[in-house]
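Everything on this sheet refers to the single structure shown next.
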There are 2 protein chains.
Amino acid sequence: MSDPLKVGVLGLGTVGSSVVRLLEEKQELLKSQCGRPVNVVAVSARDKKRDRGINLQNIEWFDDPLSLAISDKVDVIVELIGGEEGIARACVESGLKKGHHVVTANKALLAKHGVALAKIAEKKGVLLNFEAAVAGGIPVIKAMRESLTGNTISRVYGILNGTCNYILTRMLNECMSFKDCLIEAQKLGYAEADPTFDIEGHDTAHKLALLTSLAFGSVISLENIYREGISNISLADIQAADDLGYRIKLLGVALKTHTGIEQRVHPTMVPTSSVIAQVQDVTNAVSIQTDLLGDLLLSGPGAGGDATASAVIGDIADIAKARPGFQNGPVFGRPAVMLNPYKKARMRAHAGGYFIRLTVHDRAGVFATVAKRMADNQISLESIVQRPMEKDCLPNTKTIILVTHETTEAAVRKALLTITEDGHLIDKPQMIRIERPSSA
Amino acid sequence: MSDPLKVGVLGLGTVGSSVVRLLEEKQELLKSQCGRPVNVVAVSARDKKRDRGINLQNIEWFDDPLSLAISDKVDVIVELIGGEEGIARACVESGLKKGHHVVTANKALLAKHGVALAKIAEKKGVLLNFEAAVAGGIPVIKAMRESLTGNTISRVYGILNGTCNYILTRMLNECMSFKDCLIEAQKLGYAEADPTFDIEGHDTAHKLALLTSLAFGSVISLENIYREGISNISLADIQAADDLGYRIKLLGVALKTHTGIEQRVHPTMVPTSSVIAQVQDVTNAVSIQTDLLGDLLLSGPGAGGDATASAVIGDIADIAKARPGFQNGPVFGRPAVMLNPYKKARMRAHAGGYFIRLTVHDRAGVFATVAKRMADNQISLESIVQRPMEKDCLPNTKTIILVTHETTEAAVRKALLTITEDGHLIDKPQMIRIERPSSA
């Protein structure tokens, strides 16, 4: 049995407290699995007096997280402070430079500074593990970084935000409005008081940026993500999608096209018969499409103290199992100095199917005009549904729902612009992109 | 850049040929990902002259696989010969004893001799990787062995055989009989000429035995798996299940009960709304239930040359990334000498819901008798469906379908025995166990 692995934990919120508690509770199991004890020897957090329900008696307390990050008393630092700059960044950077292994759940930090931090880690020959930063406890980083070595990835997409998936699931199952579902999610603690970061897709974008780099061997490029949130999705969309055999999910999607890399976060229709359509409530899922393996899907809890701690502990265990002299694979699958520049595909060149919902004046000729505008833009239609007036609608209105065959974003935008100018629309047109598993 | 990793491949069937071809085709990608070249330097197979569509010019040919296994010219041997004894076993054992790392896809070998081989590997400080042995390209071994370190697993279950899942999917979607689906699967190459190993659940049992050991830290115990195949499943079962909101899948299930470990392979009803119910055709899926993470599901291709080769290459890459002095985690998650003895739970004590389909004489009092027999055995019922005579049935017969609440295997067996003795049945009673995701 080797020397214990000495762990320092920075940040004692929900996840940090879980990590400290579980490394204590599970010490016998971890010792047998890792071949050595794993001990938390130091922690740092803002308030020493707060009761976190964990025993800190034999653990050294650091008031200054940076002192812990560079302390000789630890082998690994676990950064659970959060935030893309400030103390979190300083601790990770200093820790790596000191020669400590780092485990972090900080997606914002990595989405912004991941490549620079990976360069430091690789130069110092230490590990920078971040399984918990994407999709909580789901081992998607390990799968992409290790299991899929040798695979050429063509697309990765996933449900990466539990709050949004919860809201969309409830809207469908309980016929509730977006607003009511959001209030409910806030009451249950699934959504923040200010929910913008989740529901507008920023959280999903951070996670997607990391997956994209792993998938395509390119530098991380958060700023090149096209982003739409779910606040614009109505119950009418959800129900129309259901009738047509689709579910609406907030997906992060990254794929390689002939013009570059497409990264997008938006509400997406997926076939109800697909596996990802059945991923409900706060559960996350990631689908990875490769040349050798085909389609791999991973699904599980994307958040929560213990689920996220599980990913952190897995990362710590990988370090514990490694021995001096050991050198693991690179942080983003390829050495950071060898990551390709990011080449952006134009969003207007995006090709796919579209769901379009139009609320129009109920008068003669409207449908013919809409159909003509589609034809003018070479958009062919898979389904057309013209609904009778629905109970909540204004009098003398009707709803036209179109599902297109594969077309381009540019064609759809142009058609909708012309239809809007025609003056038949009562509301802004609704447009939702369709994503299909490769086998569907 | 370090020295190349020298790989010897034993067996050049579909997977072996894919591995050799892909390590050549993907050499640049692998070099950047692993930090060193990965080269196939030696192969051994039965027929040197056979055209496998791969270039063997710069690769040394060994007529005797055992000589390759112990050759100083390789660092790793990849065993793709198959079979639980004979030359495959001799090669793996000799290779490990020689101090070579071993990668194998041989589930039969590991299900029988895995613990003994792991002891050799751990004593010699080499890796024995077997991702390809279970669920093809799906990284379930890595997830259980590495990502879930520190988790206590309560249940693992999965669709582990593509042939069976294909047949069951086709029966439902095309309203075809088991026999016709099997013939179709044979034509498409999804089923062997002698399909027994797949359809009677032996293949699933081999894979389950390995997952059970990883899940519970116990020695592998293939002989303690309760096993039923799918040849007994009729279209009537599939359709009745569908009406009731279930799909029928051949699952391998391992769980811990208060009396021990339950390992079973049998046709299983899962709720149609569950993710695993949507896993179709030859796709495999594994669900793992743990205390920290909750439920993790992985799904993807369970067979095929390139998909299986992907898992083999991932295993080789893990070895390539490791450096001298490195010591990975133990083969079955815990050191082989520390694996617990296997404690078997009695199948008759199995608790769960049951689907029961009875074909009875259409006469007064039959249903009352059936209901009484259930009540006599303290079995309470969730659904009762009494169907009118179906078109293919004999005249004067009807079908009674029962879905029970949780009860025991012993109670159900006793009730069915008594019902059979009552003389109202025309056919053998059909009984299918229900498995629910923890969240359903």
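The values are calculated or read from the model by the stated rules, or taken from the named source; none is laboratory data. Note that the coordinates shown come from a computational prediction; the quantities given were computed from them, not determined experimentally. Cβ sites come from the backbone with ideal geometry, for glycine too, and all protein chains shown count toward neighbours. Please note that ligands, DNA and RNA were not included when accessible areas were found on the heavy atoms of the full protein model with its side chains. Shrake-Rupley method; radii C 1.70, N 1.55, O 1.52, S 1.80 Å.
Miscellaneous remarks
- Spin-label model distance (nm) - residue A:436 vs residue B:50, 7 Å beyond Cα toward Cβ: 3.7 nm
- Across all directions, the shadow cast by the convex hull of chain B built on its C-alpha atoms averages 22.2 square nanometres.
- Exposed loop positions in chain A were taken to be GluC sites (Glu not before Pro) whose DSSP state is not H, G, I, E or B and which have at most 15 other beta-carbon atoms within 10 angstrom. Between these positions, the longest stretch is A:193-389.
- Segment residue A:281-residue A:421, length gained on full extension (0.36 nm per residue, minus Cα span): 46.5 nm
- Here's how it looks for residue B:350: its modeled amide H is under 5 Å from those of B:409, B:410, which are all 5 or more places away or on a different chain.
- Scanning residues 5 or more positions from residue A:251 or on other chains, those with amide H under 5 Å from its amide H are A:266, A:268, with H placed 1.01 Å from N in the peptide plane.
- Per-pair calculated FRET efficiency, R0 = 45 Å: residue A:348 and residue A:14 via Cβ, rounded to 0.05: 0.60
- Net charge over other residues, Cβ less than 13 angstrom from the Cβ of residue B:120 (K, R count +1; D, E count -1): +4
- Helix axis angle, B:107-124 relative to chain B longest principal axis, alpha carbon, degrees: 40 degrees
- A 1.4 Å probe run over the stretch A:142-301, with the rest of the protein chains in place, finds 30 Å² accessible per residue.
- Interface residues of the stretch B:131-156, defined as a loss of at least 30 Å² in heavy-atom accessible area between the chain alone and the complex of all protein chains with a 1.4 Å probe, are B:139, B:142, B:146, B:147, B:149, B:150.
- Stokes-Einstein diffusion coefficient of the stretch A:1-100, Kirkwood radius over Cα pairs, 25 °C, 0.890 mPa s, in µm²/s: 179 µm²/s
- Stokes-Einstein, applied to the Kirkwood radius of the stretch B:85-170 over Cα pairs at a viscosity of 0.890 mPa s and 25 °C, places its translational diffusion at 169 µm² s⁻¹.
- Calculated from backbone phi, Karplus (6.51, -1.76, 1.60) coupling profile of the stretch A:277-289 in Hz, x at Gly/Pro: 5, 8, 7, 10, 6, 7, 5, 9, 7, 10, 10, 10, 10
- Label positions at residue B:192 and residue A:90, each projected 7 Å from the Cα along the C-beta direction, are separated by 6.5 nm.
- Relative to the other identical copies, residue B:189 shows label-point distances of 5.3 nm, where the label point lies 7 Å from Cα along the Cβ direction and values run shortest first.
- Solvent-free Debye scattering, log10 I(q)/I(0), computed from the Cα coordinates of the stretch A:217-266 at q = 0.21, 0.27 Å⁻¹: -0.81, -1.02
- Shortest-first distances to equivalent copies, position residue B:383, nm, label 7 Å out along Cβ: 2.5
- Separation in nanometres of the label points that stand 7 Å from Cα toward Cβ, at residue B:361 and residue B:180: 3.3 nm
- Sorted from shortest to longest, the distances between the residue A:177 label points of this copy and the other copies are 5.7 nm, with each point 7 Å from Cα along the line through the beta carbon.
- With the convex hull constructed from alpha-carbon coordinates only, the stretch B:266-384 shows a mean projected area of 13.6 nm² over all directions.
- Remark: the stretch A:309-317, residue by residue, has Karplus-estimated 3J(HN,Hα) of 4, 4, 5, 4, 5, x, 5, 5, 4 Hz, where x stands for each Gly or Pro and the curve is 6.51 cos²θ - 1.76 cosθ + 1.60 at θ = phi - 60°.
- Folded to 0 to 90 degrees: helix A:14-25 orientation relative to chain A principal axis, Cα: 40 degrees
- Fluctuation leader among A:294, A:423, A:11 - chain A, Gaussian network, Cα springs under 10 angstrom: A:423
- Excluding ligands, DNA and RNA, the accessible surface per residue across the stretch A:349-434 is 49 Å² with a 1.4 Å probe.
- Each helix, a run of at least 4 DSSP H residues, gives -39500 (n - 2.57); summed and divided by the residues of chain A, these come to -10500 deg cm²/dmol at 222 nm.
- Taking B:138, B:419, B:225 in turn, the Gaussian network model of chain B (Cα-Cα springs below 10 Å) assigns the largest fluctuation to B:419.
- Exceeding the 23 Å Cα-Cα cut-off - candidates B:48/B:98; B:187/B:207; B:207/B:428; A:142/B:124; B:123/B:321; B:344/B:428: B:48/B:98; B:187/B:207; B:207/B:428; A:142/B:124; B:344/B:428
- The Cα center of the stretch A:233-298 and the Cα center of the stretch A:101-136 differ in position by 27 Å.
- Close amide-amide hydrogen proximity is noted between residue B:155 and B:289, each under 5 Å apart and 5 or more residues distant or on a separate chain (H modeled in the peptide plane; Pro and chain starts excluded).
- Per-residue HN-Hα couplings for the stretch A:372-383 [Karplus 6.51, -1.76, 1.60; θ = phi - 60°; Hz; x = Gly/Pro]: 5, 4, 5, 4, 4, 9, 6, 9, 9, 10, 8, 9
- Rounded to the nearest angstrom and listed largest first, the equivalent-ellipsoid semi-axes of the stretch B:349-434 from its Cα gyration tensor are 22, 13, 11.
- In the stretch B:239-287, burial by the other protein chains removes 20 Å² or more of accessible area from B:273, B:275, B:278, compared with the chain on its own (1.4 Å probe, ligands and nucleic acids ignored).
- For chain B, carbon and sulfur atoms together expose 50% of the accessible surface, with a 1.4 angstrom probe and every protein chain in place.
- Taking both sides together, the accessible area buried where A meets B is about 4400 Å² for a 1.4 Å probe.
- Share of Cα-Cα pairs in the stretch B:124-271 lying beyond 17 Å, as whole percent: 63 percent
- Here the average projected area of the convex hull drawn through the C-alpha atoms of the protein assembly as shown stands at 39.3 nm².
- Cβ-derived FRET efficiency at R0 41 Å, residue A:154 paired with residue A:234, nearest 0.05: 0.80
- Contact residues in the stretch A:289-322 (at least 40 Å² less accessible area with all protein chains than alone, 1.4 Å probe): A:292, A:293, A:296, A:297, A:299, A:301, A:310, A:321.
- Additional length obtainable on full extension of the chain from residue A:396 to residue A:2, 0.36 nm per residue less Cα span: 134.0 nm
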